[in-house]
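K.L.:
Before anything else, here's the structure in question.
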Amino acid sequence: MNDRMTTPWGELALARFPEDPRERLRAWDASDEYLLRHLAAEKVPLSGTVVVLGDRWGALVTALAAHRPVQITDSFLAQEATRANLARAGVEAGAVRLLTTQDPPPDRIDVLLVRVPKSLALLEDQLLRLAPAVHEGTVVVGTGMVKEIHTSTLQLFERILGPTRTSLAERKARLIFCTPDASPERPANPWPFSYALPDGIGPVSGRTVVNHAGVFCADRLDIGTRFFLQHLPAVPGGRRVVDLGCGNGVVGTAVAVAEPSAEVLFVDESFQAVASAEATYKANGVPGHAEFRVGDGLAGVPDGSVDLVLSNPPFHSHQATTDQTAWRMFTGARRVLRPGGEMWVVGNRHLGYHVKLRQVFGNSQLVAGDPKFVVLKAVRK
């Protein structure tokens, strides 16, 4: 959805990525506007190094592009949206430095702006990574919708950076103000986190999983993936398999453990997830061939080049519930599969993925089910 955000420095035309004229979700919200109004009203100095953490679609760095900010994001899609929005605003290439959550942060931060993420673990990890660059004079302001900011959020800022308070709410948005301590005693970073898988889940029983912060179910195996692992197809030797939306990579690793001659491509739009998948794969000493790719689903994968796609599609985009991601995953899978190739999906029973698979593939078969989850198979004709 193209829309115009009003800022103290003028209006900006912004869009999410990938752009879809049918999509009605904006590329910004009231918390972005609130933060920008605060910076202008308080005349916050922006001449030093300005870092924006968690900018969801580039709204904040596009508005602040004249100050040459640094954006840090876990999302490939957010990074692509930022590039497009900067170009749309006529911002010169290189005016905004785009970093991922896996990149080394700047050595010094004078203004730290934080768009509070859904994952408290990701916020913890990133604040701990950025804290050494924060100094006594650093201006730290967080922002989010009221439903996204909890007592635990404020406690995290205070524990890692210093005394923290919140603003009054405006249009269901709130600001967080944090004053960095001169010489704080900061906790050690607990991320990434590793654990051993339980027994009874096929070839990966007892194997190691590595999770970077922010990856779904970072401290345990989620029940949907566990159900999927118990019903994965047998993969003949030499097949090319995609773990689509790979998360920590346990599904693709299970394929590689069971059939070392398989070529497994791990794909996710989260930099944290792909780092987790690679760490999980390597931690288990799998001898096969694997590729790890951060990207927009199956974009860039050649047509008809894949034998099997495995996926546990997400049905949230930040706080919004949407089936657009799953729909794009299904259509992308059909494109890259060879004739006779298969897509296997696990999902909550109520999501009705069988309907979408039939629309895309012309067929859908129930492989397994329990009261909560189903495993479905669709075949590329």
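The values are calculated or read from the model by the stated rules, or taken from the named source; none is laboratory data. This is a predicted model, so every value here is computed, not measured. When we count neighbours, we look across all protein chains shown, and the Cβ atoms used for this are built from the backbone with ideal geometry, even at glycine. Surface areas here come from the heavy atoms of the whole protein model, side chains and all, with no ligands, DNA or RNA. Shrake-Rupley method; radii C 1.70, N 1.55, O 1.52, S 1.80 Å.
K.L.:
Plugging the Kirkwood radius over Cα pairs into Stokes-Einstein for region 279-381, at a temperature of 4 °C and a viscosity of 1.567 mPa s, what D comes out in µm²/s? Mind dumping the intermediate values first?
P.N.:
Details: Rh = 14.7 Å.
My calculation gives 88 µm²/s for D.
K.L.:
Over the chain, what is the relative contact order in percent, taking alpha-carbon pairs closer than 8 angstrom and at least six residues apart? Don't skip to the answer; put the middle values down first.
P.N.:
Values: 830 pairs, mean separation 39.3, N = 381.
For the chain, the relative contact order is 10 percent.
K.L.:
Any chance you could give the angle, 0 to 90 degrees and rounded to 10, that helix 30-41 forms with the longest Cα principal axis of the chain?
P.N.:
Roughly 20 degrees, rounded to the nearest 10.
K.L.:
Moving on to the next point. Quantify, in whole percent, the carbon and sulfur part of the accessible surface of region 28-74 (1.4 Å probe; protein heavy atoms only). Can you show the working numbers first?
P.N.:
Numbers: 770 of 1460 Å².
That share works out to 53 percent.
K.L.:
If you don't mind, another one. HIS67: accessible area at probe 1.4 Å, nearest 10 Å²?
P.N.:
Its heavy atoms expose roughly 70 Å² to the probe.
K.L.:
What is the distance in Å between the Cα centres of region 102-137 and region 140-204?
P.N.:
10 Å
K.L.:
Starting with the highest mean, order 49-55, 220-226 by the number of other Cβ atoms within 10 Å, averaged over the residues of each peptide. Could the numbers behind the result be given before it?
P.N.:
On the way: 49-55: 24.9, 220-226: 16.3.
So the order, starting with the most tightly packed, is 49-55, 220-226.
K.L.:
Could you list the GluC sites (Glu not before Pro) in region 65-147 that lie in coil according to DSSP, counting only those with at most 11 other Cβ atoms within 10 Å of their Cβ? Before the final figure, lay out each step's value.
P.N.:
Numbers: sites: GLU80, GLU92, GLU124, GLU136; in loops: GLU92.
Of the GluC sites (Glu not before Pro), the ones in loops of region 65-147 whose Cβ has at most 11 other Cβ atoms within 10 Å are GLU92.
K.L.:
Collect residues whose amide H, placed 1.01 Å from N in the peptide plane, falls under 5 Å from the amide H of CYS246; neighbours closer than 5 in sequence don't count.
P.N.:
The answer is VAL267, ASP268.
K.L.:
Ignoring ligands, DNA and RNA, what percent of the accessible area of region 165-283 is carbon or sulfur (1.4 Å)? Mind dumping the intermediate values first?
P.N.:
Numbers: 2570 of 5080 Å².
Using a 1.4 Å probe with all protein chains present, region 165-283 comes out at 51 percent carbon and sulfur.
K.L.:
Taking only protein heavy atoms into account and a 1.4 Å probe, give the accessible area per residue of the chain in Å². Could you put the intermediate results ahead of the total?
P.N.:
Working: 16300 Å² over 381 residues.
Counting only protein heavy atoms, the per-residue value for the chain is 43 Å².
K.L.:
What do you reckon, how do VAL367, VAL255 stack up by accessible area (1.4 Å probe), largest on top?
P.N.:
Details: VAL367 55, VAL255 10 Å².
Greatest to least solvent exposure: VAL367, VAL255.
K.L.:
Residue farthest toward the positive end of the dipole of region 1-111, with Cβ of Lys/Arg at +1 and Asp/Glu at -1: which of THR6, VAL50, TYR34?
P.N.:
Farthest towards the positive pole: THR6.
K.L.:
OK, next. For a quick check of your reading of the filter: which chymotrypsin sites (Phe, Trp or Tyr not before Pro) in region 4-36 sit in a DSSP loop and have no more than 15 other Cβ atoms within 10 Å?
P.N.:
Working: sites: TRP9, TRP28, TYR34; in loops: TRP9, TRP28.
Listed in order of number, the matching sites are TRP9.
K.L.:
So what is the relative contact order of region 208-355, in percent, for Cα pairs below 8 Å that sit 6 or more residues apart? Provide the component values of the computation, followed by the final result.
P.N.:
Working: 284 pairs, mean separation 35.6, N = 148.
So the answer I get is 24 percent.
K.L.:
Still on this structure, I have one more. Cα axis of helix 324-336 to longest principal axis of the chain: angle in degrees, 0 to 90, nearest 10?
P.N.:
So the helix axis and the longest Cα principal axis differ by about 50 degrees.
K.L.:
Something else about it: For region 1-125, which semi-axes, largest first and in whole Å, follow from the square roots of 5 times the eigenvalues of its Cα gyration tensor? Each step should come with its number before you reach the end.
P.N.:
Values: eigenvalues 84, 63, 41 Å².
Calculated on Cα positions only, the semi-axes equal 20, 18, 14 Å.
K.L.:
Tilt of helix 151-160 relative to the longest C-alpha principal axis of the chain, in degrees (0 to 90, nearest 10)?
P.N.:
70 degrees
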